[in-house]
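Okay, structure first, notes after.
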Amino acid sequence: MANLVNTVIALRVKNHPGVMSHITGLFARRNFNLEGILCGPTGDGSESRMFLLVNNDERLDQIVQQVSKLYDIIEIKVEEDYDRTLFLKIEDILSGVKQC
Amino acid sequence: MKHTGAEILVRLLERQGVDVIAGVPGGSNLPIYHALNKSSIRHVLTRHEQGAGFIAQGIARSTGKVGVCFASSGPGATNLVTAIADAKLDSVPIIAVTGQVAFPMIGTDAFQEVDTYGMTIPITKHNFLVRSAKELLTVVPESFRVALSGRPGPVVIDVPKNVQNESIEFDDWPEPGKADPVESIPVSDADAAKIAGMIRDAKRPVIYAGGGIIHSGASEKLRELAEKNGIPLTWTLMGAGIYPADDPKNLGMLGMHGSRATNIAMREADLLLALGVRFDDRATGDVKRFCENAKIVHVDIDRSEIGKNRKADFFVHADAGVLLDKLVPLVGKNDRAEWLARIGEIRREHPVRLPRNPDSRNPLELIRLIAEIAPEDAIITTDVGQHQMWAAQAYPVKGPRMFLTSGGLGTMGFGFPAAIGAAIANPGKRVICLSGDGSIQMNIQEMATLADLGLDVTVIVMNNEHLGLVRQQQELFYNGTYIASKFVTNPDFAAIARGYHLRGVDLRAEKDPVAALRRSILEAGPWIVDAPIHSAENVFPMVPPGASNEQMIGG
């Protein structure tokens, strides 16, 4: 299911305790909206994958450029046609339809 | 070999070529200081950590090399924060090494514990919390690489005390970290040709250049471009010194306190070559109306600056020097007689107005006099406020890295310790700190550090007994209703200097103030000069905050 309002920034990052605050801190201080986060370690745990649900608006390029500068980012991709079911379960949990 | 974390840290700093570190010791960085005993590195003990941060900046800004400072945990680290944030906004490569409570104590609200890592995320290019002595072997060289590569910036290395004390066995020292080559971001022939074509087609091009030119060491190449194609040039505060002051193509600083003629000429431009700049609001005024008749070419090494504040018609993500290397040979010779004549006409229509009170207490007169006396190779630092803007308007800066000023953060208290840093890194050169009676008191304790070192630093306190720029805005925008902008009590700065065993000069008390000023600039060693100026003088012209650059008042 494609979604035109939102889009997903898919990241591969170095996995360490500070990486999440670097990314969420950037969104907060640059006044970017962050609608959802999916995150978890991969492989041997030295890397994490992160999916950031963001508004697909004129600020997207600036968000991507700023996130790209973060030291811990290994790879960044914008997934315009992301699979919305990725975040559906979270939405259901948040709205109380489903249990965690 | 076997070494402690503290020894490894100090040895790695030596291997990076660091010869001076400014800092303050405390409970959580004592092992690092102990390791300094056996080091070739000279330590400069400041009286406040912020002073150490700005000394590191003075070293970095005047040389382009990394400046290093030390602080302990808790208040030591919080005191450094302003200097680190200042380095972030002006892209200055410094490394701050902070002590931290032992790792097992983190999160317990231990004595002098503060979350230095969390606190410095938004104000650093990157930061590290070191978890083991072994990590130092990669973190230290990486910190230098990060601080120097691309757009430079500050790095914090937070080192818990147990990591400093941890002994480890290892085989080899890592290679020192160095900047990634600027050529790693290449400029295509097609991009250079495209810009050359836009220059050829333009009738009224203007170069708008900034700190990126200084970091790139590209002043000479920039001059070649401007000379060859007859392109007038304006610079941001961070670009002071990139172009000869007396060249008629030099339009001076643009923006809030730029000259009237410059801001008007910018409106008539049909092509803006923005090189190593970030379209900062103090330079552009209302950014939507900035150079609205011009096509915009933007070149910056930080890709995120392109399109951040103003959309470019064409951009190249690259080091300005790499771009200029390719561009200059493609640009034809042109004298642009018509455009330069028009600029001459604008200048005649909008001349720089003479000061309200043209005497020795006039700030512009004073700056002119200082420039006349100062040796050719003198380095100028400024604090923040009216004196800073007067200096940017009137001081004929002789070259890049010779005018050190806090641009982005606008930190009062920057100028004096930065001058000490510049003097440490540039022996044999006179460093003149132009300050104000407000600014100097924000790091006045470093007079003790200056006395320790006996450097060739002259501080000139342009004393108007006010927070002058605040007073000015209250006069202009708050109907002359003044609050909290006049100092009820000001100290006798010359007496304070003498209290710190420095030579203090009060120009009010001198029979020949000009001779006294000359002596305190030319005679070896430190001098503190209290120079009274008229308190009602304003910095003009001025673009009111939020207005467009043509809407200047005064001057």
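The values are calculated or read from the model by the stated rules, or taken from the named source; none is laboratory data. Quick caveat: nothing in here was measured; it's all calculated off a predicted structure. We place every Cβ from the backbone using ideal geometry, glycine too, and count neighbours over all the protein chains shown.
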>> Just to be sure before I move on: is A:Val8 more than 25 Å from B:Thr116 (Cβ to Cβ), touching a residue at least 60 places away in the same chain (Cβ under 8 Å), away from chain B (no Cβ under 14 Å) and touching a helix residue (DSSP H, G or I) at 6+ places or on another chain (Cβ under 8 Å) in the structure I sent?
In response: yes
> Quick one: how many residues across region B:502-550 are free of Cβ contacts under 8 Å to residues at least 40 places away in the same chain and closer than 17 Å to B:Met447 by Cβ?
Replying inline: 4
> Looking at region B:501-536, which of its residues are surrounded by 21 or more Cβ atoms within 10 Å (Cβ to Cβ), of a type outside the set (A, V, I, L, M) and not in a strand (DSSP E or B)?
Replying inline: B:Ser520, B:Pro526
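Quick check on region B:146-161: of everything there that is in a helix (DSSP H, G or I) and more than 13 Å from every other protein chain (Cβ to nearest Cβ), which residue is nearest to A:Asp72 (Cα to Cα)?
The initial filter retains those residues of region B:146-161 that are in a helix (DSSP H, G or I), namely B:146-148, B:161.
Add one more test, that the residue is more than 13 Å from every other protein chain (Cβ to nearest Cβ), and what stays is B:148, B:161.
On the way: B:Leu148: 17, B:Lys161: 25 Å.
Here the answer is B:Leu148.
Let's see how each residue does on (1) among the polar types (S, T, N, Q); (2) part of a helix (DSSP H, G or I); (3) free of Cβ contacts under 8 Å to residues at least 60 places away in the same chain:
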site: B:Lys326; (1), (2), (3): no, yes, no
site: B:Ala341; (1), (2), (3): no, yes, yes
site: B:Glu365; (1), (2), (3): no, yes, yes
site: B:Glu372; (1), (2), (3): no, yes, yes
site: B:Glu376; (1), (2), (3): no, no, yes
> Taking into account only those residues within region B:114-138 that are of a type in the set (A, V, I, L, M, F, W, C) and either within 11 Å of chain A (Cβ to nearest Cβ) or closer than 12 Å to A:Tyr71 by Cα (or both), which is surrounded by the fewest Cβ atoms within 10 Å (Cβ to Cβ)?
Replying inline: B:Met119
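Within region B:479-486, is even one residue surrounded by 14 or more Cβ atoms within 10 Å (Cβ to Cβ) and at pLDDT 95 or above? Walk me through it before giving the result.
Let us first name the residues in region B:479-486 that are surrounded by 14 or more Cβ atoms within 10 Å (Cβ to Cβ), namely B:485-486.
Still in the running and at pLDDT 95 or above: B:485-486.
Checked region B:479-486: at least one residue is surrounded by 14 or more Cβ atoms within 10 Å (Cβ to Cβ) and at pLDDT 95 or above.
Residues of region A:22-39 being within 14 Å of another protein chain (Cβ to nearest Cβ) and more than 10 Å from the chain's Cα centre (by Cα), which ones? Explain how you work it out, then say what you get.
Of region A:22-39, the ones within 14 Å of another protein chain (Cβ to nearest Cβ) are A:22-32.
A:His22, A:Gly25, A:Leu26, A:Phe27, A:Ala28, A:Arg29, A:Arg30, A:Asn31, A:Phe32, listed by residue number.
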> Considering only region B:307-338, how many residues are closer than 21 Å to B:Arg278 by Cα, away from every other protein chain (no Cβ under 14 Å) and among the small types (Gly, Ala, Ser)?
Replying inline: 3
> For region B:394-410, which residues satisfy the criterion of being buried (at least 20 other Cβ atoms within 10 Å of the Cβ), out of contact with any Ser or Thr (no Cβ under 6 Å at 6 or more places or on another chain) and either outside any loop (DSSP other than H, G, I, E, B) or of a type in the set (S, T, N, Q) (or both)?
Replying inline: B:Phe403, B:Ser406
> Here are A:Thr85, A:Thr42: which of them is farther than 27 Å from B:Ser143 by Cα and more than 14 Å from every other protein chain (Cβ to nearest Cβ)?
Replying inline: A:Thr85
> Does B:Gly454 satisfy the condition of being on the phi > 0 side of the Ramachandran plot, buried (at least 24 other Cβ atoms within 10 Å of the Cβ) and in contact (Cβ under 8 Å) with a residue 40 or more places away in the chain?
Replying inline: no
> Does at least one position in region B:29-37 carry a residue that is hydrophobic (A, V, I, L, M, F, W, C), assigned to a helix (DSSP H, G or I) and in contact with a His (Cβ under 6 Å, 6 or more places away or on another chain)?
Replying inline: yes
>> I'm checking my understanding of the structure. Among residues of region B:162-195 that are aliphatic (A, V, I, L, M) and in contact (Cβ under 8 Å) with a residue 60 or more places away in the chain, which one is nearest to B:Ala274 (Cα to Cα)?
In response: B:Ile195
> Which one of B:Ser73, B:Ser62, B:Ser91 is in a helix (DSSP H, G or I) and among the polar types (S, T, N, Q)?
Replying inline: B:Ser62
> Could you count how many residues in region A:57-76 are under 13 Å from the mean Cα position of the chain (by Cα) and surrounded by 13 or more Cβ atoms within 10 Å (Cβ to Cβ)?
Replying inline: 7
>> Quick check on A:Val19: is it within 14 Å of another protein chain (Cβ to nearest Cβ), surrounded by 16 or more Cβ atoms within 10 Å (Cβ to Cβ) and touching a residue at least 60 places away in the same chain (Cβ under 8 Å)?
In response: no
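I need the full set of residues from region B:100-145 which are among the aliphatic types (A, V, I, L, M) and not in a helix (DSSP H, G or I), in order please.
Applying the first criterion (among the aliphatic types (A, V, I, L, M)) to region B:100-145 yields B:101-102, B:105-106, B:110, B:114, B:119, B:121, B:123, B:129-130, B:133, B:136-137, B:139-140.
Listed by number, the residues that qualify are B:Val101, B:Ala102, B:Ile106, B:Ala110, B:Val114, B:Leu129, B:Val130.
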>> So in region B:271-306, with the set limited to residues that are within 14 Å of chain A (Cβ to nearest Cβ) and not in a helix (DSSP H, G or I), which one is nearest to B:Ala226 (Cα to Cα)?
In response: B:His298
>> Could you list, ordered by first residue, the pairs with Cβ atoms under 6 Å in which the first is in region A:47-73 and more than 17 Å from B:Ile306 (Cα to Cα) and facing another protein chain (nearest Cβ under 9 Å) and the second is of a type outside the set (Ser, Thr, Tyr) and outside any helix (DSSP H, G or I), at least 6 apart or interchain?
In response: A:Tyr71/B:His126; A:Asp72/A:Val13; A:Asp72/A:Lys14
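Given the criteria crowded, with 24+ Cβ neighbours inside 10 Å, away from every other protein chain (no Cβ under 14 Å) and free of Cβ contacts under 8 Å to residues at least 60 places away in the same chain, does B:Thr262 qualify? If you could, list the steps in order and put the result at the bottom.
Numbers: crowded, with 24+ Cβ neighbours inside 10 Å: yes; away from every other protein chain (no Cβ under 14 Å): yes; free of Cβ contacts under 8 Å to residues at least 60 places away in the same chain: yes.
So B:Thr262 passes the test.
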> Which strands (runs of 3 or more DSSP E) sit wholly inside region B:169-270 and have at least 1 residues that are outside the structural domain of B:Asp313 (by TED's automatic domain parsing)?
Replying inline: none
> Can you tell me how many residues in region B:265-306 are without any contact (Cβ under 8 Å) to a residue 60 or more places away in the chain, more than 16 Å from B:Ala547 (Cα to Cα) and over 24 Å from the mean Cα position of the chain (by Cα)?
Replying inline: 2
